[in-house]
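Each remark here refers to the structure printed beneath this line.
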Amino acid sequence: MRHHCAFAAFSYAGLTLLILAGCRSQGWYTEADTMWWRVRGAAPPNQEIESRNYLLARTRAHQSSETSQTPASQPPSEHTARTLTAVIRDEQPSDKPRPLSDEQFPGPNQPLDLDSLIALALETHPSLVAARWDVEAARGRMIQAGLYPNPEISYEAQNVGERGPAGNGGLHGFGIEQEFITGGKLRLAQQVAQYDLAATDWQLVARRYDVLTRIRLAWVEYAFAQEQVRILEQFVRLVGEEETGLVPLARRLEKVAGLRWELLRAEIELQNARAQLAAAQRQAEAAGVALLATANLPPQTLLVPYPALPPNVPEYGYDAALAAILERSAELRQAELAVYRAHQEWQRVAAQNIPNFRVRALPLYSASEDNAQFQIEVRVPIPVFDRQQGNLLAVHAELARNARFVESTRLDLTRRLAEAHGRYSAARQQVQTYTEQILPRAEESLRVMRLMFQRAKAEELRSAFLGLLEAHRAWLDAQLGYLQVRRNLWSAVFEIAGLVQQDIVESIP
């Protein structure tokens, strides 16, 4: 029995050393064991992630033609390299926005302004929460991709029908089997998963700015609707509720000069203004509900009444804005990472032609005969028929397609900026025209016509009243027109800010 125990201990100690040496030679401890330490929330002792330097050294953008046999490469952008380094280190990319502080969150009964809406939405919006879970899922797949296969333990008995003098027959033993991964397949698989993680991380950034832009645009609609209500309320007062309004003036004219038609015109104008006001109020309510829905907030949430659009408009130079977009765009980073991933996938598929091998060690012992045996079995597949020809062709086509998609994304961003900047430039010019020319003239026209009406003679009252009525209409058209162009301007501003990925809207001259 002592011989049996000593033999078993010696055999399994040797098997353990054999498997551990083989796993270290294949990079188990530099990849899978490091991932285990990271899952536990601790740093591996005296180790660095081997694939970090490898990834940064081998990351290339491959823009190959369809006829080339192996993908060509060029160095990745500094922005993408920084992002990949941060992903491997479990850090946030330096260009990603940081979470908003608790000071920006309002009290329970405090009306929400734009900044408060954004702060709440970026923390609780379901699309962003889902995107964060997508990042965690990609991180889990990256961890799993670097794990080494588990060893297998088996029990085997041979010649069990034979019995010896001691009453125990046959050979008995516990075997252990391990598959050894060759060709750096685990490292390559993990690097592919790291590109997936980086792309998912940038997808979160893109979705964040999409939510931010939609909230800003909904805020513009809400502010526009509220300002429209304010203008129409002022017009109703000018026409019918003030002492100097059109309707009170027309009633006095009817009593003095019998001008019934002018009274009817004034009352029609008043009723039309009240109908416009009622419609604007319904529109304002709908805009508020839409804004809260966009921010994922309940409809009973309080909003700031009569919010004003910002007075200062940022300056956006087209060339500078385009350069900023091409440098910061999360959509473009995603497209570039798809190219890097396809190249890494090409290397991973090519490495499949390097066969793995399985080693099975089986120590056997017969107690009846005091006989020990040791069997070793090595199995290696031979890549004769399947040499990954189809997979290599598919990955090469994917690489070429993704390279073209990078250019397509760049062109699409350029088109979107051109359209938004065109609306921005046109609306800014219109705002200047309204501010410097149209609005002052509308105010002056209203004052002049009131003065003319006061000084008009009896025979001039009808024409003076009609002129005053037209001056009121011109004033309303000027106010609503100015509001509309400011709405167009700030919609374009927020669209450009979303493309540039600005948390704080500021000029890019």
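Read-outs: derived from the displayed coordinates by stated rules, not from any lab. No experiment lies behind these values; they were computed from the predicted model shown. Cβ: placed from backbone, ideal geometry, glycine included. Neighbour counts: every protein chain shown.
Our estimate of slack between Asn159 and Asn353, defined as 0.36 nm per intervening residue step minus the Cα-Cα distance, is 65.9 nm.
Three principal axis extents describe the C-alpha atoms of the range 433-509; from largest down they are 64, 17, 15 Å. Only the Cβ atoms of Lys and Arg (+1) and of Asp and Glu (-1) were treated as charged; on that basis the dipole of the range 250-409 about its Cα centre amounts to roughly 700 debye. Taking amide H as placed 1.01 Å from N in the peptide plane, the amide H of Leu303 sits under 5 Å from that of Leu112, each at least 5 places away or on another chain. The simple Förster model, with R0 at 35 Å and r as the Cβ-Cβ distance, assigns Asp370 and Gln144 a FRET efficiency of 0.15. Among Ala350, Phe405, Ile438, pick out the residue whose Cα is farthest towards the positive end of the charge dipole of the range 347-454, where Lys and Arg carry +1 and Asp and Glu carry -1 on C-beta, about the Cα centre. Final value for the positive-end residue is Ile438.
Considering every alpha-carbon pair of the range 342-489, the percent of pairs per 10 Å bin, from zero through the bin containing the longest distance, is 9, 15, 12, 10, 9, 8, 8, 8, 7, 6, 4, 3, 2, 1. For the range 162-317, taking Cα atoms only, Rg and Dmax work out to 37.8, 141 Å respectively. With the Kirkwood sum run over all distinct C-alpha pairs, the range 283-353 has a hydrodynamic radius of 17.4 Å.
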